[in-house]
Every structure is written in C-alpha cells, then in structure tokens.
Protein chains: 2
Amino acid sequence: MGEIREPLRELTECGLPMALEVMGERWSFMILRASFNGLHHFEEFLSELGIARNILSNRLGRLVEHGILGRQPMAEDRRKIEYRLTDKGMDLLPAMIALRQWGQKYGAEVVENPVLVDERDRLPIGPVSILSQEGRILGPEDLALVERANVGKRADGSQAEPVAPVSRGDTAIADGLRGAA
Amino acid sequence: MGEIREPLRELTECGLPMALEVMGERWSFMILRASFNGLHHFEEFLSELGIARNILSNRLGRLVEHGILGRQPMAEDRRKIEYRLTDKGMDLLPAMIALRQWGQKYGAEVVENPVLVDERDRLPIGPVSILSQEGRILGPEDLALVERANVGKRADGSQAEPVAPVSRGDTAIADGLRGAA
DNA sequence: GCAACTGGTTGCATAATGCAACTGGCTTTT
DNA sequence: AAAAGCCAGTTGCATTATGCAACCAGTTGC
C-alpha cells in the first residue's frame, strides 16, 4: 500500500491540497456524513453506504490516521469498535454541508430527509456562507486575492485593522431588515 | 470510458452523492481553485497544477459537461480555449473555501499567499459558517436532524414559522459584542 | 510552406476500487 | 467447554481510474 502518489502539489500555498489528501478520496465525505448522522460501527457504514468491505476498512483507517475519526473497542462488547467524529472531524461540517447544499440546489429531485435543522427553532438551516471578519455575508464579487504583504491596504491607501472576528455562538445577523421585499 | 461505476448511493436522500459525482474526483477542486484564481487555459492549468495531460483534459471535459465550467474558443486566437467558472461553479466557492480553511487550520505550516480578503476592507475573510435562517452562526451542537414532517416542531410543541432568510449582501453580524474577553 | 503553439488523443504502466471468500477475536448458545 | 454466530478486517482476483510519454490536428506567425 504505497504512499507514492504525488501529494497534490503541496507547494501551492493554500490548505486545499492538504485537505484533499484525506477528504478528496471517494467515500470520505459519505463516511463523514454517515458518522455525523449517528452511525458508529463498521457494519452500519457497510450496509448504509453500500461501500466495499476492504475499501471501508481502508478509508476508516485513513480517517482515523488523520485524526478525523476516533476509534475504540466498546466496553460491553469488545468485538464492536466505535468510530466517532473528533473535533477535527466536526470542523469539516461546514465543508460537508456546503457540498451537500450545492448538490441539493443543482441535483434535480433530491428531497432531503431527514432535514438538517437549527436545534433552536427546528427550522431548516440557511446556506453555508463566506463571512467577512465582522460577519457580513460575502459573495464572489466581494472577494479578492492580495499579496500577504498588502493585506488590509485599501484602494485609497488607508490601512484597515483587524477586528475581533465573529465566532460560533455569536448571534450573527442583522443590524437592519433583510432581503424579502 | 464507461459510466458503469455505482453512482454513490444516490438514494441516500441528500445532495452529497450528487455533488461528489463531479467534485469528488481527484483534481476537481484544485481546478476549481485555479479557475477562481484567474487561470483560464489548458496549458496554464497544466503547468500550475502539475496534473497529467490526459487527466486534465478528461476533468475539464467533465466539469464542462456538468456546467461548472464554460468552454469557448477565443476570438483572437481560435487555438486557445477559454474555461470560465459558471454561476453553478461559483456556487461551489463556500465548499471550496471551507475545505481550504480546514486544511489550513490543521495543515501545519501552510502560509497562504496570496490571501483571500474581503474586497471592502481588504482584510482576510472569516471562517465559512453554517447559519440559521436568521443568520446566527451555528456549531455542531446547534444542529439536529428531524423528519421532514416534523420540521419547525419545537420540543415544547409550538410551531416555528420560516422567516425571510438571510442572503448575500446582508450585513450579517452582531447584535451584541463578540467573543474576545 | 514550415516551425511553433494549443488542446487534445493514444498506448502502456501503475494505483485505486470493487466483489467474494476467508480469517481471527470475541460472545452467545447449548 | 464445544459449537455456532457476530464483528471487523484481510486476501485474491477483476475492473476502473490515474499518470507518463509520445503522437496528432487545427491555428498562427514568419
């Protein structure tokens, strides 16, 4: 089982290649989803996903290796092994859900059941979004690529300073009414 | 070039399998990133990514086929063909950036250059986030999976009604001070 | 016309994936 | 304590994807 494959141009100065090293493989995201959906055992993944036995074994091994899944034999039945998402694995949720939503948007008649909802009001979640540091929702036109040295330098020459970025748990939205009409 | 491969369990009632059908292949995301970064031509992708010629040809073909890239010969030099992200392709940005950020977070010494910034203040963007319909930033604990029929039914029995969801361009953040101390 | 450029394709080697059958540790049944 | 069954994983073999190098066709510049 050689590791000879070229490591996807790691030099390319961004985290994508590293992320794809693990998650770019067929089934990785499906296993992640299944895991998030509450599956924890080999045979569960096997029958739920319809993946080949040896591949599942291999993928689970790699996911564990990369710290995305934790693996431990269960106390009451030591034949059974429990795979569980680590924090590192949980951090893949935005990527997974973004992909999912994209597939849903363009994927003809996908009905989504069960539905992923906000625990608080049990309504479907909104779209996974790119945010500015202050939490504005950004679209493709709002993005730019600048040299590391020029970060914060505005067109008018003034220098923007970083603010305390938003983070999870923040009430994110709305200093004004939104969209709608 | 058979299409015999099992279509990744499409039945699984969510958009992921469909999304992975195209983007789950090696190089797809790297090509997307390159395309977003301003590359538009075969030879550019070739030398920038270090991908094999035939594979690049194949991947570009598939991405075009799936409407993620547009393809057209250029007017002034009809040897040259221009590949350009479609809106459908642009909609993959959150997924791509989320993956990238994840890779960055866990990928040792990745320095990211050039840096992806908010056009407005030219500061680095924040993390790609899962939002509720009203724009609250949600973490894994805030998520639940419920049967389609039970959407909106809260634990106390009351029924939540959908609100106008947030959308791009919205000022998203903050009705209270954030994190920090 | 001829060389060079651009975007392919083809042939062949290697790696990844899939299927089916088998192993090895553990648990339950008898 | 055998026997049978379950769970996770491995092995052998076929198919598919990927990579490398060489070749091809339409354009362009000279």
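Yes/no matrix, rows are residues, columns are (1) in a strand (DSSP E or B); (2) at pLDDT below 95; (3) away from DNA strand D (no atom under 12 Å from the Cβ); (4) closer than 20 Å to residue B:126 by Cβ:
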{"site": "A:67", "(1), (2), (3), (4)": "no, no, yes, no"}
{"site": "A:78", "(1), (2), (3), (4)": "no, yes, no, no"}
{"site": "A:97", "(1), (2), (3), (4)": "no, no, yes, yes"}
{"site": "A:101", "(1), (2), (3), (4)": "no, no, yes, yes"}
{"site": "A:104", "(1), (2), (3), (4)": "no, yes, yes, no"}
{"site": "A:111", "(1), (2), (3), (4)": "no, yes, yes, no"}
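In segment B:8-20, of all residues being modelled with pLDDT of 90 or more and within 12 Å of DNA strand C (Cβ to nearest atom), the one that is farthest from residue B:83 (Cα to Cα) corresponds to B:17.
Taking segment B:60-84 as the range and being more than 8 Å from DNA strand C (Cβ to nearest atom), away from chain A (no Cβ under 12 Å) and touching a helix residue (DSSP H, G or I) at 6+ places or on another chain (Cβ under 8 Å) as the test, the residues that pass are B:62, B:63, B:69, B:70, B:84. For the condition surrounded by fewer than 22 Cβ atoms within 10 Å (Cβ to Cβ), away from DNA strand D (no atom under 13 Å from the Cβ), in contact (Cβ under 8 Å) with a residue 24 or more places away in the chain and among the aliphatic types (A, V, I, L, M), residue B:85 qualifies.
Restricting segment A:39-59 to residues that are away from every other protein chain (no Cβ under 14 Å), surrounded by 12 or more Cβ atoms within 10 Å (Cβ to Cβ) and within 12 Å of DNA strand C (Cβ to nearest atom), the residue that is farthest from residue A:18 (Cα to Cα) is A:42.
Only one entry of A:116, A:123 meets the criterion of being outside the structural domain of residue A:34 (by TED's automatic domain parsing) and closer than 25 Å to residue B:103 by Cβ, and that entry is A:116. For segment A:36-71, name all the residues that are touching a residue at least 12 places away in the same chain (Cβ under 8 Å) and either under 20 Å from residue B:102 (Cα atoms) or basic (Lys, Arg) (or both). Those that are touching a residue at least 12 places away in the same chain (Cβ under 8 Å) and either under 20 Å from residue B:102 (Cα atoms) or basic (Lys, Arg) (or both): A:36, A:59, A:60, A:62, A:63, A:64, A:66, A:67, A:68, A:69, A:70, A:71.
Test each condition in (1) in contact with a strand residue (DSSP E or B) (Cβ under 6 Å, 6 or more places away or on another chain); (2) at pLDDT 95 or above for residue A:74 and report the one that comes out false. Exception for residue A:74: condition (2). Exactly one residue out of B:100, B:148, B:136 is more than 21 Å from residue A:21 (Cβ to Cβ), surrounded by 19 or more Cβ atoms within 10 Å (Cβ to Cβ) and at the interface with chain A (Cβ under 7 Å from one of its Cβ atoms): that is B:136.
The values are calculated or read from the model by the stated rules, or taken from the named source; none is laboratory data. Given the structure is predicted, the values throughout are model-derived calculations rather than measurements. Note that each Cβ is placed from the backbone with ideal geometry, even for glycine, and that neighbours are counted across all protein chains shown.
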